[in-house]
Amino acid sequence: MQTLIPILLLLALGGCSLSPTPDAAALVDSQTALDRFQTEERLNRFFDEASVVVVFPSAWRAGMGFGGGYALGTIYRDNRAVGVARMWQVSVGANVGGQRYRQILFFKTDAAFEAMGRASNEFAGQAHAALITAGGATNPGYNPDVAVFSQLRGGLLLEASVGLHRYEFSIGE
């Protein structure tokens, strides 16, 4: 039964489709999250250098041995919302609890953005410790042209796991 849950999660999330334009509520949520990230001085360099920015205003992850997570976000190019992004993940390892967080991806080049959009899955190793909204998170980057940062929003999660992340991007015409 415990192995059936991640498989069902993969099948359900893999079959969903994206509209290439975010709805009004998603835009408000994404802009609020983007504003919060822009208050972090350590991210100034990334905002200055990024060709594409993807914001997930309300991501979640939960697990007990096996875990999963999901987020719906907005793609920004030249400070304009141009599309919709989706992230899902499955993990295995020492994890227990659940967590909500914001996530931002900075793509230094259009080529890096397009390459991640074409990739079917990305390997991830992560360590998290969160208690309500206090805690820390470490997400190793995928490569020098992509940077990933998270802000905890709440939850109770202890995790040291490995897994797969999948990012899907849909740009409006």
Hey, what do the phi angles of the range 72-85 turn into as Karplus ³J(HN,Hα) couplings, whole Hz, using 6.51/-1.76/1.60 and θ = phi - 60°, x for Gly and Pro? 10, x, 10, 9, 10, 9, 6, 6, 10, 6, 10, x, 10, 10
With R₀ set to 30 angstrom, the calculated FRET efficiency between the beta-carbons of V92 and A24, to the nearest 0.05, is 0.20
Taking a label point 7 Å from the Cα of M64 along the Cα→Cβ vector, which residues of the range 70-109 have an amide N closer than 13 Å to it? 95-98
In nm, to one decimal, how far is the V148 label point from the F47 one, both placed 7 Å along Cα→Cβ? 2.3
Please work out the Cα center distance from the range 147-173 to the range 51-92, rounded to the nearest Å. 5
Once you put a point 7 Å from the Cα of Q38 and another 7 Å from the Cα of A160, both along the Cβ direction, what distance in nm separates them? 3.9
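Every number here is computed from the coordinates shown, using simple stated rules; none is lab data. Treat the numbers as computed from the prediction; the structure is a model and nothing was measured. All Cβ positions, even for glycine, are placed from backbone atoms using ideal geometry, and neighbour counts span all protein chains on display.
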